[in-house]
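The structure appears right after this line, and notes come after that.
We did not get these values from a lab; they are worked out from the coordinates using the rules stated. This one's a predicted model, so the numbers in the text were calculated from it and none came from an experiment. Here the Cβ positions follow ideal geometry from the backbone for every residue, glycine too, while neighbour counts run over all protein chains shown.
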Amino acid sequence: MEVRTNGGVKVPHAEFFPPPPSPRAPSVWARRIAEDRRELVRFWPVVQNMVVQELRVRYQRSLLGFFWSLLNPLLMLATLGFVFAHMMKTVSNYPVFLFAGMVPWSFLNTSLNDSATSIINNEGLIRKIYLPKLIFPLARVLIALVTFVFSMAAMFVLLLAMHARPSWALLFLPVVVALFAGFTLGLSLIIATANTFYRDTGHLISVFLQAWYFVTPILYPTTEFPEGSRWLFRLNPAYYFIEMFQDVLRWGRMPEFGVVAAAAVIAAVSLGVGYAVFKSQEDKMVFRL
């Protein structure tokens, strides 16, 4: 641009303002998350079909059908509740305490064990057509989640038979289930990735889950231990989720804010780390099948 001075001489006009900055390109992980969100929406009917077909094939020739998936854990819960109720006489309404911990743990245990082989068992499908590998562990968690929801419904029937009464705290139960599902999905992604590359992971996870089960306050309350050592339970990430289930189902009260906040952070970290681990190795998985 030029301007005319009083003497009639044209001089260039100085540009004092810098050009507008170019828009920043989204980060690699932001693009991946956006792409996966679009792919999950696109392939969501596939996930639904995998869940429905698995449940249908599992029980299609059974007289009781889906109720067999509830009968076994309920019988185990009833047996353990009867046996341990005589050992835990200091714990009031012990069967309710036991149910509130064992039903969620069954969901975690099933999800992790099934997700460990979710990529390996679908090798033929992965090699034939393109499907996001993320949907395979996701489908296994959703299958376990469906069973978990029905188990919770059956557990409510048993609790009513034990003269337990519903409370307003039950309205918070979907939040607890959502946080626990996020935590479980994150671990499932890590285990699915590890077992695809190192097949010993599938065997180790069963041993690890058994040990983890006994160090989590499911069969026993933390009040049975000296007060000075109870802080050790807070090092266990599963403690916060089991504590929330027990607060809502056994005591009929809202969990403490600190417990909910800790559970939310743990769920977010688990889901974030699990997603990062899975996506960082996703392209290499086909060479390990």
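When 230, 32, 37 are ordered from fewest to most other Cβ atoms inside 10 Å of their Cβ, what list results?
Sorted ascending by nearby Cβ count, the order is 37, 230, 32.
Which of the chymotrypsin sites (Phe, Trp or Tyr not before Pro) found in region 103-153 are in a DSSP loop and have at most 14 neighbouring Cβ atoms, other than their own, within 10 Å?
On the way: sites: 105, 107, 130, 148, 150; in loops: 130.
Within region 103-153, the qualifying chymotrypsin sites (Phe, Trp or Tyr not before Pro) (loop, at most 14 other Cβ atoms within 10 Å) are 130.
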Hey, how much of the P(r) for region 68-279 falls beyond 30 Å, as a percent of Cα pairs? 24 percent
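Kirkwood Rh over Cα pairs of region 157-289 into Stokes-Einstein at 37 °C, 0.692 mPa s: D in µm²/s? Spell out each step's value before the answer.
On the way: Rh = 16.8 Å.
Stokes-Einstein gives a translational diffusion coefficient of 195 µm²/s.
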Whole-Hz Karplus ³J(HN,Hα) for region 96-102, in order, using 6.51 cos²θ - 1.76 cosθ + 1.60 and θ = phi - 60°, x for Gly and Pro? 5, 4, 5, 4, 5, x, 6
Starting from the Cα of residue 58, step 7 Å along the direction of its Cβ; do the same at residue 157; then give the gap between the two resulting points in nm. 1.8 nm
With a 10 Å radius around each residue's Cβ, average the other Cβ atoms per peptide and rank 213-224, 244-255, highest first. 244-255, 213-224
For residue 245, what is the net charge nearby, where nearby means another residue's Cβ is under 15 Å from its Cβ and Lys, Arg count +1, Asp, Glu -1? -1
